[in-house]
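> I'd like to ask some things about the structure below.
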């Protein structure tokens, strides 16, 4: 039987999402899309292996191995490669934890949750190719700036609430939500990462409380409660002290999240629809649009 040749990809096959890419990035994105579409794995079953990736610098280290910068040798697409040693997994009796991580992350598809792109293994190691969040941990940026302005805080609060609501709708618990476990992309979007999938207890009713804690920390630079007061039961009995510089809208949202009774908290959807969140996101978008217009005007002036 004659082998049917695949037609080479062309610009008419580029996904529609490219249409929304800013003009200054469109050529790069189109080029990357064409490379990806020419890969053997595009639209076909494909068995990935170490031959497909070139490993780079180490980004971090964990109990089971490390995370490395890597890129696909065909498309040059950059990923964060999580590498775990099978011997260490067995030594720590973490087989079920790793399998659960792969099973859950393989089906999660949300813009604010770190995506597992593919995974494979050899005789010694297990490899998880994760999307890259090039700006690293949000905690680092928060410490450098001491606190975020209302525009960024509202944006991050919205994205965290949206991601947690996605987890809730898919019956997936997310544990240990804090700035250390939130990553940032080059487009200033957050990515939730590093959840402990091995612990499957139901924490859904605490999600609103966590969002309130994070929103406070974004705006103030520190948590509303002392580090030694670690448990939910200890914290929920305490009063929240709001700095004078916090706006009325921010205090209103946080106060509706940090309630003693979880059934008195606003829902995650109500967080996304809260006036303080919506107004500050709209102001941020307007400011970015104004800056872009000024930049284009300056570029046109220099060209003349």
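What follows draws every value from the coordinates through simple rules; no lab data is involved. Note that the coordinates shown come from a computational prediction; the quantities given were computed from them, not determined experimentally. Glycine also receives a Cβ, built like all others from the backbone with ideal geometry; neighbour counts cover every protein chain displayed.
> Could you please rank 262, 153, placing first whichever residue has the fewest other Cβ atoms within 10 Å of its Cβ?
With the fewest neighbours first, 262, 153 line up as 262, 153.
> Sorted by packing (mean other beta-carbon atoms within 10 Å per residue), highest first, where do 57-66, 214-223 land?
214-223, 57-66
> Now a separate question. Per residue and in Å³, how big is the convex hull formed by the alpha-carbon atoms of segment 47-132?
Once divided by residue count, the hull of segment 47-132 is 101 Å³.
> Between segment 239-269 and segment 135-161, how many Å separate their Cα centres?
First find each Cα centre; the distance between them is then 18 Å.
> Between residue 245 and residue 145, what is 0.36 nm times their sequence separation minus the Cα-Cα distance? Round to one decimal in nm.
34.4 nm
> If packing is taken as the average number of other Cβ atoms within 10 Å across a peptide's residues, how do 243-254, 284-295 rank, most packed first?
Listed from highest to lowest mean packing, they are 243-254, 284-295.
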